[in-house]
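Q: Sharing a structure here in C-alpha cells format.
Throughout, read-outs are computed from the coordinates displayed, never taken from laboratory work. In this text the structure is predicted, and so the values were computed from the model without any measurement. Neighbour counts run over all protein chains shown; Cβ positions are idealised from the backbone, glycine included.
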Amino acid sequence: MTRPARTVPNRTVCRPCAKTLRTGPLQAILGAVPAVAIALVPLLTDPAAAQNPDQIQTAQANSQNAATAGQRPPPPGRTGLPLPRFVSLRAAEVNLRAGPGTRYPIDWVYRRSGMPVEIIDEFDTWRRIRDWQGTEGWIHQSMVQGRRGVLITGQLRTLRRKPEAEAPGVAQLEAGVVGTLEGCRGEWCEVAAGGYSGWLPRNTFYGLYPGEEMK
C-alpha cells in the first residue's frame, strides 16, 4: 500500500515593518547539520613498541594525518560538487520520493518554491535531499536550483536595514517565511523576503552551515 503524500502548505504573505510576514502553522523547525567525523587512532599497547623511537614517531605522524583527514570536507558527489550542499527548490510543487525514480512512492509534496534543502547524495539525474526537519528523500535534479534560500526559524525575526543589532527594522519575519540569501558579512547575512531586503543574524534561519563563508 502506498502511503498518501503529505503536503507542506504554501506560506506567502508580505507586509511592511511593524507588520509581519506571516506563515501558517509550522511544525518544530530543526536546523540540523551533519556532524563532523572524528578519526580515532588506536593507542600503543605493546611495551616494546613504546620503547622504539621510530615506532613512536610513526604513530604520532599517523595520528596527525588521521586528525587532518577528519577535518577535510566530505568527498564530492558524482557531479563533482561537494556533499552535502545547500540548494533551493525550483518549483512550487515538488514530489519527494522514497527512491531515485518515478517508480518509487511519493512521501511528501513540497509547495515552497525557493525553500532551502541539502543535497546529501546523487544518483544519475536524482538527488537525495534533507529538509529543515531532517526528512530525507529523492527528487529529480530539475526540481532544485543553485540559488541559496533561507527559512526563518525559531521566533519573530526583525529584518534590519544594516548589519547592526540597533539598525532600523525593514520588516518582521515569522518562523517559516522563505527568502533568498544574498550574502554574508561576519555574523550577519543579507536576506530578501516578500519584496523586502535587509540583514539578519546568521543563526536566525536555516540554509547556511556554521562558519560557511558566502559573498
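Q: Rounded, prolate or oblate: pick one for region 145-215, where a ≥ b ≥ c are the square roots of the eigenvalues of its C-alpha gyration tensor, a/c under 1.5 means rounded, and failing that, prolate if a/b is larger than b/c, else oblate.
A: Here region 145-215 falls in the rounded category.
Q: Within region 200-215, which residues have the backbone N less than 20 Å from the label spot 7 Å out from Lys162 along Cα→beta-carbon, could you tell me?
A: 200-202
Q: Give the long-range amide H neighbours of Tyr196: residues separated by 5 or more places, or on another chain, with amide H under 5 Å away, using H modelled in the peptide plane at 1.01 Å from N.
A: none
Q: Mind checking the full-extension length gain between Glu187 and Glu212? Use 0.36 nm per residue of separation minus the Cα-Cα distance, one decimal, nm.
A: Taking Glu187 through Glu212 to full extension adds about 8.0 nm, to one decimal.
Q: At a Förster radius of 22 Å, what calculated FRET efficiency corresponds to the Cβ-Cβ distance of Arg147 and Arg78, to the nearest 0.05?
A: For Arg147 and Arg78, the calculated efficiency is 0.50.
Q: Still on this structure: If you stretched the chain out fully between Ser197 and Thr102, how much longer would it get, using 0.36 nm times the residue separation minus the C-alpha to C-alpha distance?
A: 30.4 nm
Q: Enter the Cα centre distance for the pair region 188-207 and region 142-175, rounded to the nearest angstrom.
A: A separation of 3 Å, based on Cα centres.
Q: For Met143, Met214, what ranking results if the residue with the fewest other Cβ atoms within 10 Å of its Cβ goes first?
A: So the residues, fewest neighbours to most, are Met214, Met143.
Q: Once a ≥ b ≥ c are taken as the square roots of the eigenvalues of the Cα gyration tensor of region 97-215, is the result rounded (a/c under 1.5), prolate (a/b larger than b/c) or oblate (a/b not larger than b/c)?
A: prolate
Q: Taking H as built 1.01 Å from N, whose amide H comes closer than 5 Å to the amide H of Glu122, not counting residues under 5 places away?
A: Sorted by chain and number, the residues that satisfy this are Arg78, Arg128.
Q: Any chance you could run the full-extension gain for Val109 through Gln133? It's 0.36 nm times the residue separation minus the Cα-Cα distance, nm to one decimal. Working shown, then result.
A: Values: separation 24, 0.36 × 24 = 8.64 nm, distance 1.43 nm.
Length gained, Val109 through Gln133: 7.2 nm.
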